[in-house]
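Nothing in this text is a laboratory measurement; each read-out follows from the coordinates by a stated rule. Given the structure is predicted, the values throughout are model-derived calculations rather than measurements. As a convention, Cβ positions derive from the backbone with ideal geometry for all residues, glycine included, and neighbour counts pool all protein chains shown.
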């Protein structure tokens, strides 16, 4: 039976645009997998390993960075609560703007503090002018390579748990102005990936790899000679050290996005890929590019769909391709500090959750 626009609940033009986008993404995935298979077939590593020195900061500085991040989150929540009054409903645009400002502050303040405390340099974050372009390309290809893995986990997860609405989707439904779309793009595609990769990969994983003896120089040397050359903490197995330094940041990263359950499950898979990318390149540039690519594909698709839907009550408009389930009524309201951190409003947690776009990344 032929399918028309009424069957899709979308203008046919929207369906063709989304189909074209899906085709381009599928083609890009095929290219990324072909490159990876060719490198494996020829005996080369999929991601080349670079050498480098351990990061100069230690545990107290890592704790201080995460503490300051949480203080900024709580302060932003307090300011927003004071601005709107005790009885007023939370404003998603204000919350998303606060998230963007917090992430921008993280990118400016934390490197400056680490520079002052530990004499950290740009190269300690892997920032080298002569390899930024290569790292960006490697990050984009890694994100595209990981897409089938991440979304397969997401698909299986939403078969078990009802997905919660993404805060970015809610904001775009409530206000579809060009300014809001620009805010969504900058917050989700630029500021959030850069700040989160700085925190979780650059600062936390970098310190864990030093703490557990998975030093940057030792990794590269051991691949050429003997794995036993890696100097570990006494009694620590090399595989345990490698796994711990990789899994702990990925797990914390996933838990930060717990408000969009079951998003933490596929996000954990994504974070493992980002961690491996950071370990191999010794740079936060490649993970930032991969994270931004992942967020960008989801955000652009969301903007296209929302902008082409008729403007009606967002509580009754499903996104195309959704599994047709929503969260149960009476869901508990999350603390406002968490809503600021993840971009989710308290209002959305208190009411029946809208059906979710298949985007697993939080802003």
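Things worth noting here:
- Checked against (1) closer than 21 Å to residue 262 by Cα; (2) more than 11 Å from the chain's Cα centre (by Cα), residue 200 passes all but a single condition, namely (2).
- Candidate set: the stretch 89-116, residues that are farther than 20 Å from residue 70 by Cα and part of a helix (DSSP H, G or I); chosen: the one nearest to the chain's Cα centre (by Cα): 93
- Any hit, the stretch 59-66, residues being under 19 Å from the mean Cα position of the chain (by Cα) and touching a residue at least 24 places away in the same chain (Cβ under 8 Å): yes
- Flag for residue 53 being surrounded by 14 or more Cβ atoms within 10 Å (Cβ to Cβ) and in contact with a helix residue (DSSP H, G or I) (Cβ under 8 Å, 6 or more places away or on another chain): no
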